[in-house]
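A short reminder: the numbers here are calculations on the coordinates, not readings from a lab. What you see is a predicted model; the values in this text were computed from it and never measured. Note that we place each Cβ from the backbone using ideal geometry, even for glycine, and neighbour counts take in every protein chain shown.
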Amino acid sequence: QVQLVESGGGLVQPGGSLRLSCEASRSISSRSPMGWYRQAPGKQRELVARITRGGSTNYADSVKGRFTIARDNAKNTVYLNMNSLKPEDTAVYYCTTTINARDYWGQGTQVTVSS
């Protein structure tokens, strides 16, 4: 069992930046993939960014060049640095990992981009 706790969400103006953090309750193997998803009102949950088992990174086309995912294994934490935020980035952002073929999710953190 592992719990994931996201933080760092909030209200930001268009063009602004936020850094989301997701801390795991225990050590997670560096070979376990970790990622961020988001869900906007009335829409399906979608992948934002992930770090694969091999350590490579993937991004949704809509965030390429603006968002960066990174992990600090010593702190059991994965980050999502978000720059040049747009109103369409407004959503609840969820952290996830897969351990022994089981998916774990955090409770989500709200990001609102509005002037």
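Which of Thr97, Thr77, Thr52 moves most in a GNM of the chain, Cα contacts under 10 Å? Highest fluctuation of the listed residues: Thr52. Taken one residue at a time, the phi angles of the range 73-82 give Karplus couplings (6.51, -1.76, 1.60, θ = phi - 60°) of 5, 5, 9, 6, 10, 10, 10, 10, 8, 10 Hz. Gly and Pro are set to x. For Arg71, the residues whose modelled amide H falls within less than 5 Å of its own, excluding neighbours fewer than 5 places apart on the same chain, are Tyr79.
Taken about its Cα centre, the range 68-115 carries a charge dipole of about 140 debye when Lys and Arg each add +1 at the Cβ and Asp and Glu each add -1 at the Cβ.
When the charge dipole of the chain is built from unit charges on Cβ atoms (+1 for Lys and Arg, -1 for Asp and Glu) and taken about the Cα centre, the candidate among Leu20, Val2, Cys95 whose Cα reaches farthest toward its positive end is Val2.
The H on the amide N of Thr90, modeled in the peptide plane, is under 5 Å from the matching H of Val113, each at least 5 residues off or on a different chain.
I want to verify a result. In a Gaussian network model of the chain, Cα cutoff 10 Å, which of these has the top mean-square fluctuation: Gly15, Gly42, Gly54? Sorting by GNM fluctuation, first place goes to Gly42. When you restrict to C-alpha pairs under 8 Å that are six or more residues apart and normalise by the size of the range 3-87, the relative contact order lands at 34 percent.
Considering only alpha-carbon pairs that sit under 8 angstrom and 6 or more positions apart, the relative contact order computed for the range 57-109 is 22 percent. Within the same chain, lysines fewer than 8 places from Lys75 are excluded, and of the rest, those with a Cα less than 30 Å from its Cα are Lys64, Lys86. Backbone phi angles across the range 38-48, fed through the Karplus curve with coefficients 6.51, -1.76 and 1.60 (θ = phi - 60°), yield HN-Hα couplings of 9, 9, 8, x, x, 10, 6, 5, 10, 5, 9 Hz in residue order; Gly and Pro are listed as x.
Taking θ as phi - 60° and the Karplus parameters 6.51, -1.76 and 1.60, the scalar couplings of the range 16-30 work out to x, 10, 9, 10, 8, 10, 9, 9, 8, 6, 8, 5, 10, 4, 5 Hz in sequence order, x denoting glycine and proline.
Over the chain, with a Gaussian network built from C-alpha contacts below 10 Å, which listed residue (Val12, Val78, Val48) shows the highest mean-square fluctuation? Most flexible of the set in this elastic network: Val12.
Please report the spacing between the Cα centers of the range 93-115 and the range 1-53 in Å, no decimals. Going from one Cα centre to the other spans 4 Å. For the range 4-115, the share of alpha carbon pairs falling in successive 10 Å distance bins from zero is 15, 51, 28, 5, 0 percent.
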